[in-house]
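The values are calculated or read from the model by the stated rules, or taken from the named source; none is laboratory data. From a predicted model like this one, the values you see are computed outputs, not experimental measurements. Using ideal geometry, Cβ is built from the backbone for each residue, glycine included, and neighbour counts are taken over all protein chains shown.
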Amino acid sequence: MLSLTIGDSINFMPLPAFTDDGLLPPGTYQLTFQEPKKSHLVTGASYRHDEWNSLWRLKLVENAEILVTQLWEAGVQKVFLDGSFVEDKCRPGDIDGYYDCDSLENFVKNISPALRLIDTIWDWREPGKPRTWIKYKVEFYPHYGQLAGIPDEFGNQQTFPAAFRKTRDTYQSKGIIQVIKEKKQ
């Protein structure tokens, strides 16, 4: 079962071009890791191709793939990619994302311990940037219904699904990627 934000849609088609504002059109785009590697998110927007950093963007996707594979191994089913990576910025600083945990109890008792057994990089006890960001320039936030600490245009706190589907400065709606496992042949 897919979780949606009100007014959101799941898109089973190839990624559309960026809007005139440089954003993915609103919606949730389900992609395997091979698909963004071949998409304009990595290969570039032709009108800015000389400035587009395809190698860096590909490295970010490969780094995210390492971490998402670990999340799947720990039992996480739904992982979403966002941040400036899904915008037409020539060299995004990182990939941001979140993963569904169903509940705080599931995160504390199951997912977090499983992730730490897979790799100590998933230790959240240190202050500052997460270790995943320091090593991979990718940070994923667990989502179990809590507020994200990111206000909307009215100053109200949002959950990760809501906050990651808007720009932080102009609050425009934008698309997000749900990474799915390779389709069985």
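A few remarks follow.
- Given (1) surrounded by 14 or more Cβ atoms within 10 Å (Cβ to Cβ); (2) of a type in the set (D, E); (3) more than 18 Å from the chain's Cα centre (by Cα), index of the condition E105 fails: (1)
- Options R57, R91; residue that is within 19 Å of E139 (Cβ to Cβ), crowded, with 18+ Cβ neighbours inside 10 Å and either modelled with pLDDT of 95 or more or not aliphatic (A, V, I, L, M) (or both): R57
- Condition check for K129 on (1) out of contact with any helix residue (DSSP H, G or I) (no Cβ under 6 Å at 6 or more places or on another chain); (2) within 22 Å of A64 (Cα to Cα); (3) in contact (Cβ under 8 Å) with a residue 60 or more places away in the chain: one failure, at (3).
- Filter pass, I118 being β-branched (V, I, T) and under 21 Å from K59 (Cα atoms): no
- The condition (being closer than 19 Å to T167 by Cβ, modelled with pLDDT of 90 or more and touching a His at 6+ places or on another chain (Cβ under 8 Å)) is satisfied by just one residue among F80, F18: F18.
Listed here are the residues, each with its yes/no results for (1) more than 22 Å from S103 (Cβ to Cβ); (2) among the hydrophobic types (A, V, I, L, M, F, W, C); (3) surrounded by 18 or more Cβ atoms within 10 Å (Cβ to Cβ).
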| residue | (1), (2), (3) |
| --- | --- |
| L115 | no, yes, yes |
| W124 | no, yes, no |
| K135 | yes, no, no |
| H143 | no, no, yes |
| A148 | no, yes, no |
| P161 | no, no, yes |
| K166 | yes, no, yes |
| Y171 | yes, no, no |
| G175 | yes, no, yes |
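- Residue ranges of helices (runs of 4 or more DSSP H) in the range 24-99 with at least 2 members over 15 Å from the mean Cα position of the chain (by Cα) and of a type in the set (V, I, T): none
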